[in-house]
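The values are calculated or read from the model by the stated rules, or taken from the named source; none is laboratory data. Worth saying up front: this structure is predicted, and the values here are computed from it rather than measured. Reconstructed Cβ throughout: ideal geometry from the backbone, glycine too, with neighbour counts over all protein chains shown.
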């Protein structure tokens, strides 16, 4: 559809709405907060919210305006949510209208960059019930979750987010006896934050897991076995490093859903039928056998497990990775993240290896120089 618009602040007019306009907005949700359902009135806790923020290309059109209570408005800030995740109290007609507006927004704006792979800042992911045998019980006692629950997947945006993730990451490495250097661990987080995206899930104000996602290119291809398309040489892919502190069924299921959902959301928003994914996880992390398919495991050093998979949206799509022009166009968006500016970053932060990101913390010293030359594209 040609070149897309860049996200920028749009000011059509001052956000001073007439009483009649406020009434029209309140009717959309039967005078309730569109998010939490609290009964509110203008002058008594009700606020007008731009569902797609003005700062990110939203407009003052009535279709983009909803009523929120002050608490939900303050919490939402200028984050972008999906209507299906955030507006349960909107009337059916108005929900349909704003969903169409949001879809048009997604298709009109070019939001993808190295620090922002998804259209929204927050998504809901469902932890589905686990049926069958309990994962970590040798006597195979039956284990069933109650009904599946939803949790918010958030992107690390603020410096406060970075500090919280860093604290969690250090705690994680200590648990698995992999904390070789605290400063190196801090730089790992800074690297992912600078050249990729960090998505995390928290519950009761405690981080449960996070995934660092970078668009990556390797000079030497990965050979991926595929019974449908034949073996493929993969050069570009999503690199996903996953860190889950707790070793229980809930955490394993949550982490697995993240590994599946993030590429799925990217594919859906970018209209891609497939996405190659490389998953990295510590070998001694107890959930590794549940996150990484056993038949595709190969080991790097003593600490890291890698698995390669291709997530397909359309099973009837017979194109190979190299023949999929839409997928290649997606990877080409990251061509500006090249070896030169990566080397500059490593030099500025006194890190002397292109492989430092995974080698410094996750691999033994003796094996650092044996890795492939992997660079972030």
* If only one of 68, 90 is on the phi < 0 side of the Ramachandran plot, in contact with a helix residue (DSSP H, G or I) (Cβ under 8 Å, 6 or more places away or on another chain) and part of a loop (DSSP other than H, G, I, E, B), which one is it? -> 90
* Structure fact -> When (1) outside any helix (DSSP H, G or I); (2) touching a residue at least 12 places away in the same chain (Cβ under 8 Å); (3) over 12 Å from the mean Cα position of the chain (by Cα) are applied to residue 252, the one that fails is (1)
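Table: residues versus (1) within 28 Å of residue 158 (Cβ to Cβ); (2) without any contact (Cβ under 8 Å) to a residue 12 or more places away in the chain; (3) in the same structural domain as residue 269 (by TED's automatic domain parsing).
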residue: 30; (1), (2), (3): no, no, no
residue: 46; (1), (2), (3): yes, no, no
residue: 57; (1), (2), (3): yes, no, no
residue: 80; (1), (2), (3): yes, no, no
residue: 84; (1), (2), (3): yes, no, no
residue: 92; (1), (2), (3): no, yes, no
residue: 95; (1), (2), (3): no, no, no
residue: 98; (1), (2), (3): yes, no, no
* Verdict on residue 167 being over 13 Å from the mean Cα position of the chain (by Cα), modelled with pLDDT of 90 or more and exposed (fewer than 15 other Cβ atoms within 10 Å of the Cβ) -> yes
* Asked: closer than 20 Å to residue 20 by Cβ and surrounded by 14 or more Cβ atoms within 10 Å (Cβ to Cβ) - does that describe any residue in the range 78-90?
  -> yes
* To do: Assess whether residue 358 counts as being touching a helix residue (DSSP H, G or I) at 6+ places or on another chain (Cβ under 9 Å), in the same structural domain as residue 223 (by TED's automatic domain parsing) and at pLDDT 75 or above.
  => no
* Asked: Does the range 170-187 contain at least one residue that is in the same structural domain as residue 250 (by TED's automatic domain parsing), farther than 22 Å from residue 350 by Cα and in contact with a strand residue (DSSP E or B) (Cβ under 6 Å, 6 or more places away or on another chain)?
  -> yes
* Failed item, numbered, when residue 346 is tested on (1) over 30 Å from residue 274 (Cα atoms); (2) modelled with pLDDT of 65 or more; (3) surrounded by fewer than 16 Cβ atoms within 10 Å (Cβ to Cβ) -> (3)
* Structure fact -> Of the residues in the range 220-248, those that are surrounded by fewer than 14 Cβ atoms within 10 Å (Cβ to Cβ), in contact with a strand residue (DSSP E or B) (Cβ under 7 Å, 6 or more places away or on another chain) and part of a strand (DSSP E or B) come to 221, 223, 233
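In the list 203, 208, which residue meets the criterion of being under 25 Å from residue 116 (Cα atoms) and either outside the structural domain of residue 332 (by TED's automatic domain parsing) or surrounded by fewer than 17 Cβ atoms within 10 Å (Cβ to Cβ) (or both)?
Sole residue among the options that is under 25 Å from residue 116 (Cα atoms) and either outside the structural domain of residue 332 (by TED's automatic domain parsing) or surrounded by fewer than 17 Cβ atoms within 10 Å (Cβ to Cβ) (or both): 203.
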